[in-house]
Each structure stands twice: as C-alpha cells, then as structure tokens.
Amino acid sequence: MTDAVVEVEGLSKRFGAILAVDGLGFSVGAGEIFGLVGPDGAGKTTTMRMLASVMRPDEGHVVVDGIDVLAHPEQTKRHVSYMPQRFGLYDDLTVDENIRFYADLFEVPAELWRQRAETLLAASDMTRFRTRLAGQLSGGMKQKLGLSCALVHTPRVLLLDEPTTGVDPLSRREFWQILYGLRAEGVAMVISTAYLDEAERCDRLALLHRGRLMYCDTPAGLKARMPGAMLEIASPEPRRLRDAVQGLPGVEGVLLVGIGAHVHVDDAAARLPQIAQALAAAGVETTRMETVAPTIEDLFVALLERGEKAS
Amino acid sequence: MRLRRVRAVAVKEVLQIVRDPRSLMIALLIPLMQMFVFGYGVSLDVKHIPLCVQDREASQASRELVRHFGASRYFSAPRPLAGQGEIVRRLDDGTCRIVLVVPADFSRRLNDTGAAAVQALVDGTDSNTANIAANYARAVLSAYSAGLRLDTVQRRGESLQTLSPVDVESRVWFNEDLESRNFIVPGIVALVMAIVGAQLTALTIAREWERGTMEQLVSTPVEPMELLVGKLLPYFGLGLMDAAICLALAVFWFGVPFRGTLFTLFFTTSLFLLVVLCIGYLVSVSIRSQVAASQVALLLTMMPTVLLSGFAFPIDQMPALVRGVTFLVSARYYVHILKAVFLKGSGLTALALPILCLAVYALVLVVLAARAFRKTLD
Ligand SMILES: Nc1ncnc2c1ncn2[C@@H]1O[C@H](COP(=O)(O)OP(=O)(O)OP(=O)(O)O)[C@@H](O)[C@H]1O
Ligand SMILES: [Mg+2]
C-alpha cells in the first residue's frame, strides 16, 4: 500500500523466555480501521505499545506517518494518540481538567480544543459530567473520556487497546460512531478488541496468536477462507452435545454458543445426518439443527485450530 | 522546553495535591512533629556531667579547686576517688565522664612557681560531650586561676591598675552561653528539610506508575525536563512552607538566635530544597512502587544527614576518608550555612563557597533527574 500511515515489519519483542511479539508485519492506511484480535496474551498490548513508541522493540521496523519510530521515538508522538488498555487518566481530576491536561501537552490552541472537547463530549453523551472527577465515572464513561482525551488534538494515528471492554452496548455504539467519523477524516486506527462482533466492524483484521500474525484480511476475506460449513445445533445440554459430536468424522471443531453449539464440518449435507444419528444414539436432546453463516468467532476458532494443527 | 506543558504538569500536580488533604496535612505536620521530636530528643546540651575527683594532695588549695568544680552547674557534685583502678572502672561503667586528678605537689608548685597543672581525663566515646566537658573544665579552671591571680595581687598590695590583666579565659564565640541547642537546632532544620523534601517528590513518579497513568503520559510529546520542572514547582512551594515552619520553630520555640538576613536564609534554603527534591525525584524515577520509593528516599536523606553532615558529629574529628565522603553529602553545606546564618549572621559573600557547592550539587542533580526519566515502559 502506498498511502500506508502505519507500517510494521518484522516486529519482535521478548520478555525473558516469552516471545510476546514474533516477527509481526502489517500496514494500516489513512482512513482505515485495523483490528488486532487474539486470545489473552496474544501480544496485542505489546504491539500497541511498540506502535505508540512507549516500548522499544527488540527487532523490526515501525514507520508511523513517514517517520521511523525507532530512530525518532519522540517525533511521532505529536501525531499519534494512544489509549492504553488500563485506564490512563487521572482519577482525581475532573473530566474537563483531564481533557485540558492533554490539550496542553499536545499544545492545541485554546479555541480549538475547547470546541473539540465540546463536540467530543456531546457525541459521547458526557456533557453533563464535565465537572465530575474521573474516578467517579462508570467504566464506560471512563473509556469515553479516554477517547475524548486521545482525540483532543487531531491525531493522524489512533491506537486503541481494548477500548470497549466493560462498556455498555449503547456507549459502544457511540464509540463506534465516533470512530467511523474519524475514518471519514482519514485517521488511521489500530484497535484491539476482545469482542468479535466488533472485529466485524473493522476494515481489516489481524489475528494474533502467541505473538504471531496468523491471518490478516478483511472480515469477508477471512470468512471466505473458512472451508466447509457451520452447523448450529440448539440444545439444553450443550456440553454433552459437544462430547458426543467431537471426534466424529468430518467435524473440525465445536464451539459452545448461547443456545447450544456451533459445529464446524467439512461438508454440511453429508455430515448433518451422521451428527443427528450420533446425538440420538448418545441421548442428547436437541431442538433444532441447521446450517448458518459463520460468525467471526467461529472463524477464529476454526482458523486457530487449523493454525495449531499446521504448526 | 515548552512553558505550556510545564504549566500543565504543574497545575495538574497542584490539583492532585489539594484534592488529597490527608497527604497535604502530612506534608505540613510531619516537619512540625520532627522538629519537636528531634529538637528535644537529640538535644546535646551538656549539664551536670558526672565528675569524679582524685585529690592526691588534699590541701586547702586543692580542695578550693574541687569546690569550684562542684559549684559549676556544668558538673555534678564531685565524687572522690581513691586509686588508679577506680578511675578506669568509673570511666568504663559511665558513672563518671570526666576525672580530675590533682597531683600531690599541687599547692607546692603553685606557691613556688605560680603555676600548677591538673589532669583531666575525659571519656571520649561521645566526642561531642567529651569536647564540651573538656571546654567546661577549662572554663572552670581559668575562673579559678583568675581568682588566684586576684588574691596574689591584693596580697602584694599592688593596685589593680598597675597589673596588666592577663585574660586567659577561653571565650566561646557565637554561642556565648554554650547552649549546644543553638548548634543543634539549625542542624535539625536541615535534617527535617532533607527528609521531608525528598519524601515530597519520592512518590510523584512512582504514583503515576502505580495508578497506570504513566503509560498514557509517556505516549504524549511531554519532555522529561518539562515533567521534572512541572512536578518540582508545586513541591518546591510546599517545601518552602515546610522550611518556614521549621525555621520559625527554631527561632520562636527553641529560641535559637537569628542574626542573619531572611534573604540569605531564603536563597540558601531554596538551593537545598532543590537538591533534596531532586533526590526524591531520582528515587521516584528509579523505583516504581510508592512504598519502596518512600523508604529508599528516607534512607538516602536521613542516614547521611545524621551521620555525615556535621549536625551531630563534628566533621573535623572524622577520619580523613570519612571526612572526604562528607563532601558528597549536600546537607553538610546546608548545615554549615544554617549555623553560620543563625549564629554568626553570615551573608552570601561569607558563605560563597558552601553556596557554590550546593548550587553545583543542585545543577548536577537537575540534569541527572531529567535524564534519568525515560519515556518507555521497559
Ligand atoms: N512487561 C512485561 N514483562 C513480562 N512479560 C510481559 C510483559 N508484558 C507482556 N508480557 C507477556 O507477553 C505476552 C503478551 O502480552 P500482551 O499483554 O501483549 O498480550 P495481550 O494480547 O494484550 O493480552 P490481553 O488480552 O490479556 O490484554 C504475555 O505472555 C504476557 O505475559
Ligand atoms: Mg492486552
């Protein structure tokens, strides 16, 4: 990509015996929302930190906005906003004071930041709480304040580490509305998330596992990579269902979901009767069985399993 | 260095300080308490030093001499000792700090030559007390000799005018009444300032690490020097308040005479404050836990100040190597300055050398503190 704002190549970071990030490479363009997804300890936070140049990589290159981050770690900070996974604002300062603090650090002209703060707080329905201490905000409001602080200067790159963890669905919607607005303005965004429905909203996704980039594609592109089909089986006893189905020929994986289980098979038409038979033999009660479109979660479980087998 | 960022950090820090009334109270009460605790606890005033006498002559003259010692408020009632063995035993078990030995030929020599020597054995384990005891003994002896001389003159029937008076009295300068408190209290001010100053800043960086605010802070363009200055400014103000409390107590409560100018005091105190604030900051930068940072800062300031600043133990009596080390102890200069400003009324020019040392010290620490802070998480 020629207009890449963030370019990562061969990025590695080791903590003692743990290789937290292992030869990562990707690029993010202007106006792109790039998702980092992966299980706990996959290396998402470590990657974010190196992009924000608050941690030095052991190996690799990071170029942000045309500037080599390793060679000039301070120069990129002016145009980058980083929102850490752990709330990084001051509990004993009010909403306004926190915003003002970050506006001052980024030397945003007074007129501009006042106006931006107004807009940002209104967009996240926070205007009422401007004089409240940050420590007395709910988890969701804290995250929205974090975003407001991160956006009070006009960053070209926005790094968000699990910004919506612990945020209620309504606030999450507001959050994403703001991100879409930024996308229209051409901000490059890297966002890590534990919510896979959120991953679906990203323009492109990178699946991290044990510090390695397993797959990187658009959500649709990733789904197309999933071979076979997904069966949804509704059942009041999903665990017994899983035990009965796992290991049957053609079954690639079983994922428990709210109403029962998603079963990944190589061929829906051929396997459906076999599975129904096996369940009946095991005496597992089922209420419904049908082919469904895979969710991102199914996809990742499937892809991770395949990756595991391959390596 | 951008002024706006410095101000932002300073304002933020002030808001945090005033919103934490408990810490604020502690910051202002601790020096008050320490002044009292140290002021009374460490007072080296030496009165009623246990005195033993071995009078080998037991003549009228020797008894008169012993009576002089007994009349002095510096010494306890003299306790007579019999033999050499008892002297050692008494000094060993501490029932006696100074032994006066009057030789058997005391009055004969006095009559024949007009001069006689007595021996004073002083327990030197506590060098301060030893010094003071020896000085007191000398003072008592010279008062006694002055009396003798007067007697002689009158006996000879000469008029006082014809005799040129020989002043053998050793005068103690600047602290005429030999109140050791006057020496010690300025030292205590330095001690309290060192402890409190470093404590003020020891938490400031460690707190950001502990509360998780550092990660976002280091991702901004803020420069280490801006952070340092912004964070030191509020604590500098607080430290000056602490200094005012300590110095006011020294003068108005402990009654130490103040002969210098307020400006000299303010100037030198500011320098010392800068040094100790930087020490606290350096500790805070290196240790990311508040509790540990606070303890290390306490150790780093209290130990050298107590042991090596000359506040309790005279520097000129230390072994050469240790004396060399004292030059690295910032409190050494401040203790010296404070004593001089208080008791001698010294001004900036008289104190140019220690002030220069303190200024160099401060400069080095500021540079170190700004450099020690790295804007990374590893
Ligand atoms: N500062 C550190 N010191 C030592 N090990 C670390 C450090 N930071 C991360 N690790 C280790 O590196 C690996 C990757 O951690 P990282 O925090 O990047 O994962 P993550 O994907 O953000 O996980 P999570 O979803 O839990 O936030 C983990 O095994 C973690 O224990
Ligand atoms: Mg993480």
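The values are calculated or read from the model by the stated rules, or taken from the named source; none is laboratory data. Quick caveat: nothing in here was measured; it's all calculated off a predicted structure. Every residue, glycine among them, receives a Cβ derived from its backbone with ideal geometry; neighbour counts consider all protein chains shown.
So here's what we get for this one:
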quantity	calculated
Qualifying residue in the range A:23-30 (condition: within 16 Å of ligand 2 (Cβ to nearest atom) and not charged (D, E, K, R))	yes
Verdict on B:GLY212 being at pLDDT below 80, surrounded by fewer than 17 Cβ atoms within 10 Å (Cβ to Cβ) and either small (Gly, Ala, Ser) or assigned by TED's automatic domain parsing to the domain that holds B:ILE279 (or both)	no
Single condition A:ASP68 does not satisfy, out of (1) at pLDDT below 95; (2) over 14 Å from A:ALA52 (Cβ atoms); (3) within 11 Å of chain B (Cβ to nearest Cβ)	(3)
Of the criteria (1) more than 8 Å from chain B (Cβ to nearest Cβ); (2) within 16 Å of ligand 2 (Cβ to nearest atom); (3) of a type in the set (A, V, I, L, M, F, W, C), which one A:ALA52 fails	(1)
Subset of the range A:21-69 (residues that are surrounded by fewer than 22 Cβ atoms within 10 Å (Cβ to Cβ), in a strand (DSSP E or B) and within 13 Å of ligand 1 (Cβ to nearest atom))	A:ASP22
A:LYS77 being under 30 Å from A:PHE15 (Cα atoms) and surrounded by 21 or more Cβ atoms within 10 Å (Cβ to Cβ)	yes
Residues of the range A:140-156 satisfying the condition of being away from ligand 2 (no atom under 16 Å from the Cβ) and in a helix (DSSP H, G or I)	A:GLY140, A:MET141, A:LYS142, A:LYS144, A:LEU145, A:LEU147, A:SER148, A:CYS149, A:ALA150, A:LEU151
Members of the range B:36-57 found to be at pLDDT below 80 and of a type in the set (D, E, K, R), listed by number	B:ASP45, B:LYS47
Number of the condition not met by A:GLY43 [criteria: (1) in contact (Cβ under 8 Å) with a residue 60 or more places away in the chain; (2) touching a helix residue (DSSP H, G or I) at 6+ places or on another chain (Cβ under 9 Å); (3) more than 10 Å from every other protein chain (Cβ to nearest Cβ)]	(2)
From A:TYR102, A:TYR180, residue being more than 16 Å from ligand 1 (Cβ to nearest atom), under 19 Å from B:GLN216 (Cβ atoms) and assigned to a helix (DSSP H, G or I)	A:TYR102
Residue check for A:HIS262: under 27 Å from A:GLY41 (Cβ atoms), within 16 Å of ligand 2 (Cβ to nearest atom) and either hydrophobic (A, V, I, L, M, F, W, C) or touching a residue at least 24 places away in the same chain (Cβ under 8 Å) (or both)	no
Filter result (of a type in the set (Asp, Glu), more than 24 Å from the chain's Cα centre (by Cα) and under 25 Å from B:PHE313 (Cα atoms)) within the range B:88-146	B:ASP92, B:ASP93
Residues (within 14 Å of ligand 2 (Cβ to nearest atom) and farther than 12 Å from A:THR193 by Cα) located in the range A:31-41	A:GLY41
Criterion violated by A:TYR82 - all others in (1) in contact with a strand residue (DSSP E or B) (Cβ under 8 Å, 6 or more places away or on another chain); (2) within 12 Å of another protein chain (Cβ to nearest Cβ); (3) at pLDDT 95 or above; (4) surrounded by fewer than 24 Cβ atoms within 10 Å (Cβ to Cβ) satisfied	(4)
Residue list for the range A:168-223, filter: under 29 Å from A:GLY23 (Cβ atoms) and aromatic (Phe, Trp, Tyr)	A:TYR195, A:TYR215
Residue in the range A:157-172 that is closer than 24 Å to A:ARG78 by Cα, part of a helix (DSSP H, G or I) and within 16 Å of ligand 2 (Cβ to nearest atom) present	no
Filtered residues of the range A:107-130 (kept if part of a loop (DSSP other than H, G, I, E, B) and either under 26 Å from the mean Cα position of the chain (by Cα) or away from chain B (no Cβ under 13 Å) (or both))	A:SER124, A:ASP125, A:MET126, A:ARG130
Residue count, the range A:286-300 (criterion: free of Cβ contacts under 8 Å to residues at least 60 places away in the same chain and buried (at least 20 other Cβ atoms within 10 Å of the Cβ))	0
Those helices (runs of 4 or more DSSP H) lying entirely in the range B:306-378 with at least 3 residues of a type in the set (Gly, Ala, Ser) and in the same structural domain as B:GLU223 (by TED's automatic domain parsing)	B:352-372
Boolean, A:LEU89 is surrounded by 22 or more Cβ atoms within 10 Å (Cβ to Cβ), within 25 Å of the chain's Cα centre (by Cα) and in contact (Cβ under 8 Å) with a residue 60 or more places away in the chain	yes
Search result, residues across the range A:262-309 that are more than 26 Å from A:PRO219 (Cβ to Cβ), assigned to a helix (DSSP H, G or I) and of a type in the set (Val, Ile, Thr)	A:ILE275
Odd one out for A:THR47, checked against (1) in contact with a Leu (Cβ under 8 Å, 6 or more places away or on another chain); (2) more than 16 Å from ligand 2 (Cβ to nearest atom); (3) hydroxyl-bearing (Ser, Thr, Tyr)	(2)
Index of the failed condition, A:ASN98 passing every other in (1) of a type in the set (S, T, N, Q); (2) within 10 Å of chain B (Cβ to nearest Cβ); (3) in contact with a strand residue (DSSP E or B) (Cβ under 7 Å, 6 or more places away or on another chain); (4) touching a residue at least 24 places away in the same chain (Cβ under 8 Å)	(3)
Extreme residue, nearest to A:TYR90 (Cα to Cα), among residues of the range B:1-12 that are surrounded by fewer than 18 Cβ atoms within 10 Å (Cβ to Cβ) and within 11 Å of chain A (Cβ to nearest Cβ)	B:ARG7
Residue in the range A:1-14 that is out of contact with any Phe, Trp or Tyr (no Cβ under 6 Å at 6 or more places or on another chain) and near ligand 1 (Cβ under 7 Å from one of its atoms) present	no
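Okay, residues lined up against (1) away from chain A (no Cβ under 14 Å); (2) assigned to a helix (DSSP H, G or I):
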{"residue": "B:SER219", "(1), (2)": "no, no"}
{"residue": "B:LYS231", "(1), (2)": "no, yes"}
{"residue": "B:ASP242", "(1), (2)": "yes, yes"}
{"residue": "B:GLY255", "(1), (2)": "yes, no"}
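Matching residues to (1) surrounded by fewer than 21 Cβ atoms within 10 Å (Cβ to Cβ); (2) farther than 18 Å from B:ALA198 by Cα:
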position: B:LEU265; (1), (2): yes, yes
position: B:VAL283; (1), (2): no, no
position: B:VAL291; (1), (2): yes, no
position: B:LEU298; (1), (2): yes, no
position: B:VAL341; (1), (2): no, yes
position: B:LEU348; (1), (2): yes, yes
position: B:LEU353; (1), (2): yes, yes
